[in-house]
Structures are given as structure tokens and as C-alpha cells.
Amino acid sequence: MMVKPKHQRLVLALLGVAAVVGAGLLALSALQDQAAFFYAPADVKGQELPLGRAVRLGGMVAGGSIQRAADGVTVHFTVTDGKATVPVSFRGVTPDLFKEGSGVVAEGKFNPDGSFTADNLLAKHDERYMPPQMAGKMYKTDSLKQ
Amino acid sequence: MPALHAFANPARFLKIARPLTPVLFWAGVVLAAFGAFAGLTLTPPDYLQKESVRILYIHVPAAWLGMAGWSGIALSSLVYLVWRHPLAAIAARACAPAGAVFAAICLITGSIWGRPTWGTWWEWDGRLTSMLLLFFVYLAYIALARADADRGGDGRVPALFGVAGSVLLPVIRYSVVWWNTLHQGQSIGLTGSKIDGSMLWPLGFTGIGFTLFFAGVVLMRMRALLAQQKVEARMKRMAAR
């Protein structure tokens, strides 16, 4: 049977695409953990803490956990992902979107006792957008899934 | 594919593209301008981000077209590699500048948006990094396609690059699912939108508007490339005489 060159090229091209996509997916699945932007509290629970190097810790600011210290610039709060919690302390100006029940990414270091000292805070918001008058109805039933 | 073959004839393509270009271009400009106006004045602010949320009416279409542009390059390149239609190679080359510009707009508006909401201009998270990579891949493709054309190549090398580069598209799309990222998850999917309807509708205007504008620019670029080829062919004939 004769195969037309056109069809041969089509098969070759499709094989090439499949190979490139396969290679990409393999590389990415190997990257999985290294490419994460931050640790979630559950990622470090019961495991060796990544001590002595700058890392990021991400999750939700637990409700009722924000305490501002008497000096006015230090703030203590708890980061949770629903499975584990980490107490965090931070000295500096917090972002506008930093509030209880909202997402946060803290940059800093773990302490040997399992707490976290942040030197920078980033606010993380979720994918929902709505006008303020609707927010009262929906936002209260927040979940930790982001 | 007899239907596609008919359009692969440059003369027939030009006959359709010539009147279609201004229609697409101006319809896109009008729709996008109305969408931007509506997004600035007629929609409520976000409960959390307040007014800064309005940048999404530009940011989201720019991200879509940055990725759609590369989809166009990849598909046209595949068609060129398999069926060897010269028009497909021209279509791929024509998508690149517009796609690169929209990818840049996506990165710039995202950076401006990130400052007030996240508290940072730039972070190396999965979504931001993969989109920046796509922008660089665009620049590399443009340079490669130009070098290939200048040296009288047949366009096979840039076409291979165009197909291989499409591996970035699923990475960008799923970066927020695979990895912890600072960028939030996707708001608009096949099953619905997590953006409230009262804030969503101008996005339809800017999205469709910018897409028509993009199509108009690609047609312009294709016509310019065809004209350039014609000139070069004529010069060669004259020189040979």
C-alpha cells in the first residue's frame, strides 16, 4: 500500500506534537513540588521544617486570630488551610486586602518551634468578584478552598 | 479538505480579506471601546478590591488573545507542515506580533493590578512566570521567522518552533491548578462564571471587541506579507532579465 506523503507528514507531525506534550507533562509533574509558590500549613505539619532559609507560607488568615501588638506595627495571626495551622508574626505595614478569612502569602522563615516570622505579606484573593451589596450574603460562607 | 484548499489560493484569499479587514477592525474598536467605557462607569466596584477590579476588562481579553495568538501560530504551522500551503505559513507569521503585544499588555496590566491587590508588582509564581515565558517565546518566534524569511528559507523551522511552543498553553492554563500560586484560580469556565453578572457583561464586549480587532490586524499583516512576497518575486524577475 502506498502512503501519500501528505498523510505521512500528518502522522509524523501529530506524533511530534504528542511527544512534545508528553515531555512537557513529564517535566512538569517532576517540577510539581519545586514549582509551588508557597508552603501550605499542612505541607509542613509533621515533617521537617524548612529551617534557615527564606520560604513562603500561604493559606487563610484564621477568623479572630489577628492581634495587633502594643507597638502598633507588629501583628500576630494564624494561617490555616483547614488541615493545619501555623502562628505567624509580622512587623510592618499589612496590605489593604489583609483581613481575617482572607488569603495571605507570608514571606519569611520558620522558627524551630513551628511558628513563622514574616518579613513581607502578600494578599491573595480568590476568583470570585461581586458587588459589595452581594458580598454580605455570600462571602460569610467562605471555604478554605481556593 | 476541498473547502480549505479553496481559501489557500492567495488571490481568492485577498478577495475576501480586503473587504473583511476594515469591518473586523472597526467593529472590534467600537465594541472594545464601549466595553471599556461600561467597565469604567456602569458596573459596581468589587466588594474586596474596590475600583481596581476594573482593570480586568482589559487584562482578561489580553490574556485570552496572548494565548489565542499562539494557538493560531501552532495550528497554522501544523497545517503548513502537513499540507504545505504557503498561506498557512503567512497566517502563522501574521499572528505573532499581535499575540506578543497582547501578551505584553496582559503582563503589564497584571503587574499594575497586582500592586494594589496583592501588594507586589511581580512574583515568580507559576501563572506569572509561564505567561512571561510565552512572551519571550513570541519574541524568539518573530526573530526566527524573520531570519528564516531573510535567508530564503521555506519556513519549516519556524513552523516546527510554532508547534513545539504550544506546550506552554496548557501550562499557563493549568498553572493555578497544579501549583500553589499567588494568582487566583480561574473565574470563567465552561460551567459558569464566578464573576457576578452585574460585573461580567462588559467583559463580553471587550473580549469580543479585542478578538475582532486582533483578527483585523492579522488579516492586515497577512496582506502586507503577501504584498511583500509579490514585490520580492517581481524584483527577482526584473533582476534576472
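The values are calculated or read from the model by the stated rules, or taken from the named source; none is laboratory data. All values derive from a computational prediction rather than experimental measurement. Note that we place each Cβ from the backbone using ideal geometry, even for glycine, and neighbour counts take in every protein chain shown.
Name every residue in the range B:13-48 that is among the aromatic types (Phe, Trp, Tyr) and within 19 Å of the chain's Cα centre (by Cα), in order of residue number.
Across the range B:13-48, the qualifying residues are B:Phe25, B:Trp26.
Here are some conditions: (1) more than 10 Å from every other protein chain (Cβ to nearest Cβ); (2) in contact with a Gly (Cβ under 9 Å, 6 or more places away or on another chain). B:Val176 meets all but one. Which one does it not meet?
(1)
List every residue pair whose Cβ atoms lie under 8 Å apart, where the two residues are 6 or more positions apart in sequence or sit on different chains, the first residue falls within the range B:40-56 and is free of Cβ contacts under 8 Å to residues at least 60 places away in the same chain and under 12 Å from A:Pro132 (Cβ atoms), and the second residue, located anywhere, is β-branched (Val, Ile, Thr) and buried (at least 20 other Cβ atoms within 10 Å of the Cβ).
Note: pairs meeting the criteria are B:Pro45/B:Val53.
Kindly list the number of the only condition in (1) out of contact with any Gly (no Cβ under 8 Å at 6 or more places or on another chain); (2) in a helix (DSSP H, G or I); (3) exposed (fewer than 13 other Cβ atoms within 10 Å of the Cβ) that fails for B:Leu226.
Every listed condition holds for B:Leu226 apart from (3).
Just checking, which of A:Gly58, A:Gly72, A:Gly82 is free of Cβ contacts under 8 Å to residues at least 40 places away in the same chain and either closer than 19 Å to B:Thr181 by Cβ or not in a helix (DSSP H, G or I) (or both)?
Step by step, each of A:Gly58, A:Gly72, A:Gly82 is checked, and only A:Gly72 is free of Cβ contacts under 8 Å to residues at least 40 places away in the same chain and either closer than 19 Å to B:Thr181 by Cβ or not in a helix (DSSP H, G or I) (or both).
When only residues in the range A:61-113 that are of a type in the set (Asp, Glu) and more than 19 Å from B:Leu48 (Cβ to Cβ) count, which is nearest to the chain's Cα centre (by Cα)?
Ranking the qualifying residues of the range A:61-113, first place goes to A:Asp81.
So if I check each of B:Trp122, B:Trp113, which one is within 14 Å of chain A (Cβ to nearest Cβ) and not in a helix (DSSP H, G or I)? Give the derivation first.
On the way: B:Trp113 fails: not in a helix (DSSP H, G or I).
When all the criteria are applied, what remains is B:Trp122.
In the range B:189-241, which residues are in contact (Cβ under 8 Å) with a residue 24 or more places away in the chain and of a type in the set (Ser, Thr, Tyr)?
Listed by number, the residues that qualify are B:Ser198, B:Thr206, B:Thr211.
With B:Pro158, B:Pro202 as the choices, which residue is under 30 Å from B:Phe34 (Cα atoms) and crowded, with 19+ Cβ neighbours inside 10 Å?
B:Pro202
Considering each of A:Ala27, A:Ala23 in turn, give the residue that is under 30 Å from B:Trp83 (Cα atoms), exposed (fewer than 14 other Cβ atoms within 10 Å of the Cβ) and not assigned by TED's automatic domain parsing to the domain that holds A:Ala118.
Among A:Ala27, A:Ala23, only A:Ala23 is under 30 Å from B:Trp83 (Cα atoms), exposed (fewer than 14 other Cβ atoms within 10 Å of the Cβ) and not assigned by TED's automatic domain parsing to the domain that holds A:Ala118.
Kindly indicate whether any position in the range A:60-72 is aliphatic (A, V, I, L, M), more than 11 Å from chain B (Cβ to nearest Cβ) and touching a Lys or Arg at 6+ places or on another chain (Cβ under 6 Å).
no
Residues in the range A:100-119 that are surrounded by fewer than 16 Cβ atoms within 10 Å (Cβ to Cβ) and either of a type in the set (D, E, K, R) or assigned to a strand (DSSP E or B) (or both): how many?
4
Conditions tested, residue by residue: (1) among the hydrophobic types (A, V, I, L, M, F, W, C); (2) crowded, with 21+ Cβ neighbours inside 10 Å.
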residue	(1), (2)
B:Tyr47	no, no
B:Ser52	no, no
B:Leu75	yes, no
B:Val82	yes, no
B:Ile90	yes, yes
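Among the residues of the range B:31-45, how many are crowded, with 18+ Cβ neighbours inside 10 Å and within 14 Å of chain A (Cβ to nearest Cβ)?
2
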